[in-house]
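Enquirer: Okay, here's the structure, questions in a sec.
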Amino acid sequence: MNLVRRLHQVYMTSVVGNVGLQPSNLSVQDIAIPKTYAEAIASPQSEEWLAAMEEEVQSLRSNSTWRSVHPMQMPHKANIIAGRWVYTIKADADGKPIRFKARWVARGFTQKHGVDYDDTYASVTKPATVKIMLALAAKFDLECKQFDLVTAFLNALIKKYEIYVEMPHGFEEYGTDGTQHICLLQRALYGLKQSPLLWYEELTTFLRSIGCRPLQGDPCLFVHSATGASILIYVDDLLVFAKSDAIVDQIAGLLAKKFRMKALGDVTWFLGCRIIRDRSQRKV
């Protein structure tokens, strides 16, 4: 058991007491989502939230998201961006919790223009493009598979600026002199103003490298020249349209060489809309 978990046990015993877990039959609506680290470790689901935070920090460290630096190593006028934990619960079809999730994000509103960011705009696909592609998939009986790119922003490297963010709350690191270290970012972190742009550049550069080209009318719709497959981008969600599952698998294999992905199967939900398809009638 690591030091962080031991400290949490001490906190829960001395301050919170024996809270225990709530009954497993509770729905997501019955569980209060914490807004801060203190609320998370004081909640009846503290063990679940702690595990989620540990998983997030491990993911960030394994991706070399930052380099730990002593404040004395920072430039005199450097801006330290605040961070916060964001907690969510993934539910099943019955509303029962199946996964507790925690994400460490930067408070982008504490950034300073010209000091740690400049350009921020990143393209997202047009709603009309989504409707047209779904209509074409129905008319021509195309496969339409959905993919989720895991921790997408962490694939993008920080460019131009040195960006400093405070350590994740509860997982701080200290120097031999007792001074708390700061994160010098190496990769884009969720919440940074420029993260969507850096990710869009990373993804689209790779798509071009495997033979995909964007349509002039929508820079988030790419066509793979060798197979004719279409790839629709909305931040870290992808829809792949193709004539066969074999072509979809080929495209997914190319993407998986660069990015971690989850295959979600036939599209049923996208951008908050439920998608119902009748392939026998070629309707959607």
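The values are calculated or read from the model by the stated rules, or taken from the named source; none is laboratory data. Everything quoted here is computed from the prediction, not taken from an experiment. Reconstructed Cβ throughout: ideal geometry from the backbone, glycine too, with neighbour counts over all protein chains shown.
Enquirer: Does Gln216 count as under 19 Å from the mean Cα position of the chain (by Cα) and surrounded by fewer than 16 Cβ atoms within 10 Å (Cβ to Cβ)?
Expert: Here the answer is no, as Gln216 does not meet what is asked.
Enquirer: Can you list residue pairs whose Cβ atoms sit under 6 Å apart, with the first residue in region 59-79 being β-branched (Val, Ile, Thr) and the second being surrounded by 16 or more Cβ atoms within 10 Å (Cβ to Cβ)? Count only pairs 6 or more apart in sequence or on different chains.
Expert: Thr65/Leu154; Thr65/Arg187; Val69/Ile182; Val69/Leu184
Enquirer: Also, quick follow-up: Tell me yes or no: at least one residue of region 44-59 is of a type in the set (A, V, I, L, M, F, W, C) and in contact with a Cys (Cβ under 8 Å, 6 or more places away or on another chain). Reasoning before the result, please.
Expert: Step one: filter region 44-59 for residues of a type in the set (A, V, I, L, M, F, W, C), giving 49-53, 57.
Then drop every residue that is not in contact with a Cys (Cβ under 8 Å, 6 or more places away or on another chain), which leaves none.
No, region 44-59 contains no residue that is of a type in the set (A, V, I, L, M, F, W, C) and in contact with a Cys (Cβ under 8 Å, 6 or more places away or on another chain).
Enquirer: Which pairs turn up if I take residues in region 140-167 that are closer than 12 Å to Gln194 by Cβ and look for partners that are among the basic types (Lys, Arg) with beta carbon separation below 9 Å, at least 6 apart in sequence or on another chain?
Expert: What qualifies is Phe153/Arg187; Ala156/Arg187; Leu157/Arg187; Ile158/Arg187.
Enquirer: Across region 36-51, what is the total count of residues that are charged (D, E, K, R) and more than 12 Å from His169 (Cβ to Cβ)?
Expert: Number satisfying all stated conditions: 2.
Enquirer: So in region 100-113, with the set limited to residues that are surrounded by fewer than 15 Cβ atoms within 10 Å (Cβ to Cβ) and touching a residue at least 12 places away in the same chain (Cβ under 8 Å), which one is farthest from the chain's Cα centre (by Cα)?
Expert: Ranking the qualifying residues of region 100-113, first place goes to Lys112.
Enquirer: So, one more: Taking the criterion of being more than 14 Å from the chain's Cα centre (by Cα), more than 30 Å from Cys273 (Cα to Cα), of a type outside the set (Phe, Trp, Tyr) and modelled with pLDDT of 95 or more, would at least one residue in region 135-156 satisfy it?
Expert: No, there is no match, as no residue in region 135-156 is more than 14 Å from the chain's Cα centre (by Cα), more than 30 Å from Cys273 (Cα to Cα), of a type outside the set (Phe, Trp, Tyr) and modelled with pLDDT of 95 or more.
Enquirer: Here's another thing I want to ask about it. Name the single residue that is surrounded by the most Cβ atoms within 10 Å (Cβ to Cβ) among those in region 143-200 being in contact with a Phe, Trp or Tyr (Cβ under 8 Å, 6 or more places away or on another chain) and in a helix (DSSP H, G or I).
Expert: Only one residue tops the list, namely Ser195.
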